[in-house]
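Every number here is computed from the coordinates shown, using simple stated rules; none is lab data. A quick note: this is a predicted structure, and the numbers were derived from the prediction, not measured. Neighbour counts run over all protein chains shown; Cβ positions are idealised from the backbone, glycine included.
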Amino acid sequence: MLYPDGSGLGIPLYLLEGSPFVDYAVPGFFLFLINGLFQGIGAVVSFKKKPYAGNFGFGLGILLMLWITIQVYFIGLISFLQPLYFGVGLAESILGVRLLKMFRKEK
């Protein structure tokens, strides 16, 4: 977010050609908010074993998979991290559903 031109991470702006973004400000903010801040909150909720932890896990996993899908659509498959993070999102969603089922059985 500090360097929306991508210079901070060495990411060229030409990767955004054909996407709705002119720089990395909006994607950077989204990554910070959803995949940073909210994932951190989700982790705390999970470690504290709150009954809504499964909702966080499922929802954030879906958002991560959606983010990667949109990213690959606009810029293509350019890194092994894209399928890796899609897999992390899938695992997070599956674990979120399992948590939801576990908390329902405890009631």
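Near LYS50, which aspartates and glutamates are there with a Cα under 14 Å away, not counting those fewer than 8 places off in the same chain?
GLU106
I'd like to compare 8-17, 33-42: which one has the highest average count of other Cβ atoms within 10 Å, and what's the full order after that?
Ranking the peptides 8-17, 33-42 by packing returns 33-42, 8-17.
Based solely on its DSSP helices, what 222 nm [θ] is calculated for the chain when runs of n ≥ 4 H residues each add -39,500 (n - 2.57) and the sum is averaged over all residues, nearest 500 deg cm²/dmol?
-20500 deg cm²/dmol
Which of LEU95, ILE62, PHE30 sits closest to the plus end of the dipole of the chain, meaning its Cα is farthest towards the positive end, when Lys and Arg get +1 and Asp and Glu get -1 on the C-beta?
Result: LEU95, furthest along the dipole toward the positive end.
Round to a whole angstrom and tell me the spacing of the C-alpha centers of segment 40-107 and segment 17-31.
Cα centroid to Cα centroid, the span is 22 Å.
What's the long-distance tail for the chain, i.e. % of Cα pairs beyond 20 Å?
So the pairs more than 20 Å apart make up 46 percent of the total in the chain.
For the chain, what is the charge dipole size about the Cα centre, in debye to the nearest 20, if Lys and Arg each add +1 at the Cβ and Asp and Glu each add -1 at the Cβ?
The calculation lands at about 980 debye.
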